[in-house]
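The structure appears below as structure tokens.
The values are calculated or read from the model by the stated rules, or taken from the named source; none is laboratory data. Here the structure is a predicted model, which means the values were calculated and not measured. Here the Cβ positions follow ideal geometry from the backbone for every residue, glycine too, while neighbour counts run over all protein chains shown.
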Amino acid sequence: MARTGVSYVCQSCGAVHPRWAGQCDACGAWNTITEERGGAPLASNTKRATKARSITFEGLEGGGATPPRFVTGITEFDRVCGGGIVPGSVILVGGDPGIGKSTLLLQVSAKLAAQGRPVAYVSGEEALDQIRLRAGRLGLAAAPVQIAAETHVSDILASLEAEKPPALVVIDSIQTLWTDAIEAAPGTVSQVRASAQELVRYAKRRGAAVVLVGHVTKEGQIAGPRVVEHMVDAVLYFEGERGHEFRILRAVKNRYGPTDEIGVFEMNERGLAEVPNPSALFLSDRDAKVPGTAVFAGIEGTRPLLVEIQALLAPTAFGTPRRAVVGWDTGRLSMVLAVLEARCGIPFGSADIYLNVAGGLRINEPAADLAVAGALLSCLSGTPLPADTVIFGEVSLSGAIRAASQTEARIKEALKLGFKRAILPKPAKAAAEGLTLEGIGTLAELVSRFDLTQSQSAANAGPGPGSSPGPRAASRGARNP
């Protein structure tokens with residue numbers, strides 16, 4: 001009798017180890033390696049029972065037309081998917097618990113079902129009555145969506161094969177499914193990988209679109225092996241802060257559309273409502289008279305987006321100043337601070353710095369460097385930036401300002417919201433009627449717009465009452481009389 005194979009698999013990255021260890025050598029995670037039992041391994045002298053067949057190769061010329069799509073009618077969701085859901089595709093949706101993944105997918109299912117397309121919603125976490133209660137709260141109780149509560153993959157696929165292939169199948173969630181082929185508990189790497197593989201095979205064979213819901217880890221990554229993300233056609237992350245009503249649906253992988261596209265929703269008592277103009281919503285509560293704020297004209301996917309960046313400086317009470325960042329990269333902030341100190345002579349070593357992107361949005365674009373620098377300089381000098389000004393540009397280590405992509409789209413979005421001035425990298429060649437373009441080539445040109453003489457003297461003054469300002473303060477005072 002063949003011996004059942006035993007392997008030790010990391011539940012974070014899926015790496016297989018010959019024995020148990022406290023730390024995974026592949027991803028460095030601690031206490032994530034668990035024992036899993038699989039089928040009997042093939043002997044080394046076992047021959048394949050099936051005969052290999054030859055495959056047909058074709059040239060690059062020709063090809064099919066653009067794949068058709070199911071337009072759900074939820075514009076923000078269709079935008080992130082690339083214009084709609086492609087039949088036969090598999091989409092993985094991840095997000096924190098309670099962020100609204102099931103709510104969004106139930107709304108998408110109801111929209112498609114209302115168009116006369118068959119939709120199946122399979123839940124492994126909720127009972128049927130719980131799904132009906134949510135549908136009632138959302139006003140979707142009359143939608144012709146077929147629902148089921150099941151976790152066995154074979155039973156789900158057998159039920160789907162017995163009827164006409166649905167246009168959309170929603171599985172909530174992939175971590176709850178299990179299959180008889182793997183001797184492991186549901187949620188383990190082996191079960192998640194095998195279950196996802198069966199569903200992907202069904203989607204490609206029958207032409208049904210499948211949406212998988214995935215849990216996320218503490219670091220915000222979808223739990224389970226990364227190979228699941230490689231198997232699917234699109235990976236969408238549902239983001240949002242608990243204290244904000246805004247929700248961001250972001251595409252990090254899409255074989256049928258652009259990546260880094262975002263859709264903005266607002267959570268209310270009727271579910272998730274679309275936000276057609278997120279720039280106006282993110283700037284609705286802005287206080288332009290307070291120093292330390294700057295309006296950044298950014299690009300998320302194909303959409304221009306204006307967002308407020310807030311900075312606050314406070315005297316540090318410890319030997320090492322604190323750097324707290326929400327919505328931006330901490331390493332990027334350290335780089336901007338280093339350039340301001342090395343190239344412009346402005347030290348920030350004696351102050352705690354707090355940086356926040358308003359509205360719960362996360363920015364990954366390098367063009368936000370100049371807006372962050374403007375917010376920091378505004379807070380340091382106590383002088384607010386003009387309320388009708390947007391700013392964008394990438395800061396290099398030499399202090400030069402590099403050009404940003406899609407300048408025209410940024411300018412048009414600023415004009416649409418009533419802004420009159422834009423600070424951007426040279427040369428400022430964008431066509432903008434009614435908007436004054438102020439091109440700058442170095443970070444020192446931005447520094448010269450603020451009166452930092454008093455703040456620099458206070459920052460560099462010695463402990464005694466008769467001490468004189470430091471050399472950096474004197475040099476700044478010479479440059480800015």
Per the filter on region 131-146, residues free of Cβ contacts under 8 Å to residues at least 24 places away in the same chain and either surrounded by 14 or more Cβ atoms within 10 Å (Cβ to Cβ) or over 10 Å from ALA110 (Cα atoms) (or both) are ARG132, LEU133, GLY136
Breaking point among (1) in a loop (DSSP other than H, G, I, E, B); (2) in the same structural domain as GLY84 (by TED's automatic domain parsing), for PHE265: (1)
Taking the criterion of being crowded, with 16+ Cβ neighbours inside 10 Å and modelled with pLDDT of 95 or more, would at least one residue in region 404-413 satisfy it? no
Residue that is nearest to LEU377 (Cα to Cα) [pool: residues in region 279-301 that are part of a loop (DSSP other than H, G, I, E, B) and of a type in the set (A, V, I, L, M, F, W, C)]: VAL290
One residue is enough: does region 67-88 have a residue meeting the conditions at pLDDT below 85 and out of contact with any strand residue (DSSP E or B) (no Cβ under 6 Å at 6 or more places or on another chain)? yes
Answer residue from region 303-332, given it is out of contact with any helix residue (DSSP H, G or I) (no Cβ under 8 Å at 6 or more places or on another chain) and modelled with pLDDT under 90 and is nearest to VAL390 (Cα to Cα) among those: THR316
For region 154-167, check the following and say yes or no: at least one residue is of a type in the set (Ser, Thr, Tyr) and either in contact (Cβ under 8 Å) with a residue 60 or more places away in the chain or surrounded by fewer than 22 Cβ atoms within 10 Å (Cβ to Cβ) (or both). yes
Just checking, which of ASP233, ASP260 is modelled with pLDDT of 90 or more and among the charged types (D, E, K, R)? ASP233
Just the residues that are under 26 Å from the mean Cα position of the chain (by Cα) and part of a loop (DSSP other than H, G, I, E, B), please, taken from region 388-435. PHE392, GLY393, SER396, ALA403, ALA404, SER405, GLN406, LEU417
Among the residues of region 302-325 satisfying the criterion of being among the aliphatic types (A, V, I, L, M) and surrounded by 14 or more Cβ atoms within 10 Å (Cβ to Cβ), which is farthest from THR383 (Cα to Cα)? LEU305
Somewhere in region 133-147, is a residue assigned to a strand (DSSP E or B) and either over 17 Å from LEU272 (Cβ atoms) or among the small types (Gly, Ala, Ser) (or both)? yes
Matching residues in region 250-301 (surrounded by 21 or more Cβ atoms within 10 Å (Cβ to Cβ), within 20 Å of TYR237 (Cα to Cα) and hydroxyl-bearing (Ser, Thr, Tyr)) number 0
Counting only residues that are at pLDDT 80 or above and not β-branched (Val, Ile, Thr), how many does region 1-14 have? 3
Checking ALA338 against (1) outside the structural domain of ALA371 (by TED's automatic domain parsing); (2) farther than 28 Å from VAL93 by Cβ; (3) not charged (D, E, K, R), the condition it does not meet: (1)
